[in-house]
Amino acid sequence: MKFNLLGGFAAGLFIATSISGAVYFSSKNEAANTPAKVVKTQTKTSGLPSEEEMKNKLVSAGYIVQTKAEYDKNIADAKAQTQKNTSSKNNDSKIVYRAVVNVSKGMTSIDVGKQLVKAKLIKNAFKFSKIVEKKGVENHLRPGSYAVDSSMNYDQLIAAIFK
């Protein structure tokens, strides 16, 4: 005789649920029968530290304790200082990205170009590959690590990476 596995599992769940329900409903629920207790709030005289004692304990533990007004003032001062610093800098300065390009065996010029795009050194990997092919150095790519930065033009990048 073949035993239905899913039917046996369902029957087991039904029996377990029935037993659990019978035990739950047949036992007395003590929490429901007891009246709710009124909890009194503690006063300052009940042993809680005062505000000054709490502040001193936190400061001695290395925390900085300040009021909301002090915090807001510090944030406003920091934002003003940041805006002052950014406005005083020369906006003509260009961000230079530096990267180490790792060339492994079997890579092509387009693979190197994709790495340079990810490093934000160039904008178009296909254009880089075409310039490499135009110079005829695509077969001079050797495995290794090469340090390059975004201030380099295409010719300097090619000279640094391709031997």
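The values are calculated or read from the model by the stated rules, or taken from the named source; none is laboratory data. Source: prediction; values computed, not measured. Cβ: placed from backbone, ideal geometry, glycine included. Neighbour counts: every protein chain shown.
Overview of values
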item	result
Selected residue (only one of ASN139, ASN74, ASN102 is at pLDDT below 90 and in contact with a Ser or Thr (Cβ under 8 Å, 6 or more places away or on another chain))	ASN102
Of all residues making up the stretch 93-123, the number that are surrounded by fewer than 15 Cβ atoms within 10 Å (Cβ to Cβ) and within 9 Å of SER150 (Cα to Cα)	5
